[in-house]
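Step one of this worksheet: look at the structure below.
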Amino acid sequence: MNSKRNMTMLILSCDGFSDLWDGHVKLLEQNWPDRNMDTYIVTDKPSDKDYPNVGIISAGEGIEWSERLKAAIEHVKTDYVFITLDDYYLIKKVSDKSIGSLLKMMIKENVDYVRLFNRPKKSILDELEGYKGIHRINTKCNYSVNLYSGLWKKDFILAMIKEPQNAWQFEVALSKRANEYGAKCVMSQRNEFKILDVVRKGKLLHNSYYYFKRHPGIYTGDRAVNTIWYELKLGIKTILGRCVSGKPKRALKKVLRKFGFEFFTE
């Protein structure tokens, strides 16, 4: 086998979500077996789980999510990191050549971050010259840099960690920090990494619940399923974020908060 590429995969998690690991690893090995890089699940507590091609980094109990990420990065020997989350299940075959080409582009063009998710669309700018389907990102847009699956320069990740924060606080702060850093950020519209979003608020989403019904043996845990009302609220928030901005958006958020909606930005 060729020497491993200059990138490490981190699957960010914690002990409370360890029931998701088996399914995550099973689909990862099924859909990207030739990824040719060290792969680790990052958790808090020590674990007795064991996978042939995936290691486990126990970053320490009682520390915030951002501190676990920082501890994991200290184990990384490569200059680039592929970051994904435990509840993002890979459901389509990945072209290892395509991911390799993204890494080459990052190195050649000095890119700090490649987003593999096409939201928020309002953050997408012009196409990067010479790279079809790769667009620059406006880091002044909320969530333009986010925790969906993506490729990161290791030094850029470390620069984004300012203080102990949970995952939601960290993600809210990312775009502003990236903008202040002057980061070169892009996103891919090539659909290299197709995921199933599995969990919200600790419960299965209906899409994932029905996926597991159709594919028995992927998830064998006993998590409850979110209510239709909760997922309806998620849908409303998504539409609000995509279609409304400025003062109308702030006014609608104020009204929706009275009906139990939560927003992490104003």
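The values are calculated or read from the model by the stated rules, or taken from the named source; none is laboratory data. Just so you know, these numbers come straight off a predicted model, no measurement behind them. Ideal geometry is used to build each Cβ from the backbone, glycine not excepted, and the neighbour counts take in all protein chains shown. Areas reflect the complete protein model, heavy atoms only, side chains present, ligands, DNA and RNA absent. Shrake-Rupley method; radii C 1.70, N 1.55, O 1.52, S 1.80 Å.
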Can you name the number of the only condition in (1) buried (at least 16 other Cβ atoms within 10 Å of the Cβ); (2) more than 17 Å from the chain's Cα centre (by Cα); (3) at pLDDT below 95 that Asn142 fails? (2)
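Only one residue in Arg190, Arg214 is charged (D, E, K, R) and under 17 Å from the mean Cα position of the chain (by Cα). Which one?
Values: Arg214 fails: under 17 Å from the mean Cα position of the chain (by Cα).
Result: Arg190 is the single residue among Arg190, Arg214 that is charged (D, E, K, R) and under 17 Å from the mean Cα position of the chain (by Cα).
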So Ile157 ticks every box in (1) part of a strand (DSSP E or B); (2) surrounded by 20 or more Cβ atoms within 10 Å (Cβ to Cβ) but one. Which box is left unticked? (1)
Check on Asn191, in a loop (DSSP other than H, G, I, E, B), open to solvent by 40 Å² or more (accessible area, probe 1.4 Å), within 27 Å of Leu151 (Cα to Cα) and at pLDDT 95 or above: yes
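Of the residues Ile41, Ile56, Ile107, Ile83, which single one is β-branched (Val, Ile, Thr), in a strand (DSSP E or B), open to solvent by 10 Å² or more (accessible area, probe 1.4 Å) and modelled with pLDDT of 95 or more?
Values: Ile41 fails: open to solvent by 10 Å² or more (accessible area, probe 1.4 Å); Ile107 fails: in a strand (DSSP E or B); Ile83 fails: open to solvent by 10 Å² or more (accessible area, probe 1.4 Å).
One residue alone meets the criteria, Ile56.
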Regarding region 223-230, can at least one residue be identified that is free of Cβ contacts under 8 Å to residues at least 12 places away in the same chain, out of contact with any Leu (no Cβ under 7 Å at 6 or more places or on another chain) and under 29 Å from Asp19 (Cα atoms)? yes
Among the residues of region 145-154, write down those that are open to solvent by 30 Å² or more (accessible area, probe 1.4 Å), over 13 Å from Leu174 (Cα atoms) and under 10 Å from the mean Cα position of the chain (by Cα). none
Looking only at region 1-36, which residues are over 16 Å from Phe193 (Cα atoms) and part of a loop (DSSP other than H, G, I, E, B)? Met1, Asn2, Ser3, Lys4, Arg5, Asn6, Ser13, Cys14
Restricting to region 194-222, give me the number of residues that are in contact (Cβ under 8 Å) with a residue 24 or more places away in the chain, charged (D, E, K, R), under 23 Å from Trp32 (Cα atoms) and open to solvent by 80 Å² or more (accessible area, probe 1.4 Å). 1
Could you list all residues from region 110-122 that are buried (at least 22 other Cβ atoms within 10 Å of the Cβ), outside any loop (DSSP other than H, G, I, E, B) and not aromatic (Phe, Trp, Tyr)? Val114, Arg115
Qualifying positions in region 123-139 - part of a strand (DSSP E or B), open to solvent by less than 40 Å² (accessible area, probe 1.4 Å) and not β-branched (Val, Ile, Thr): His135
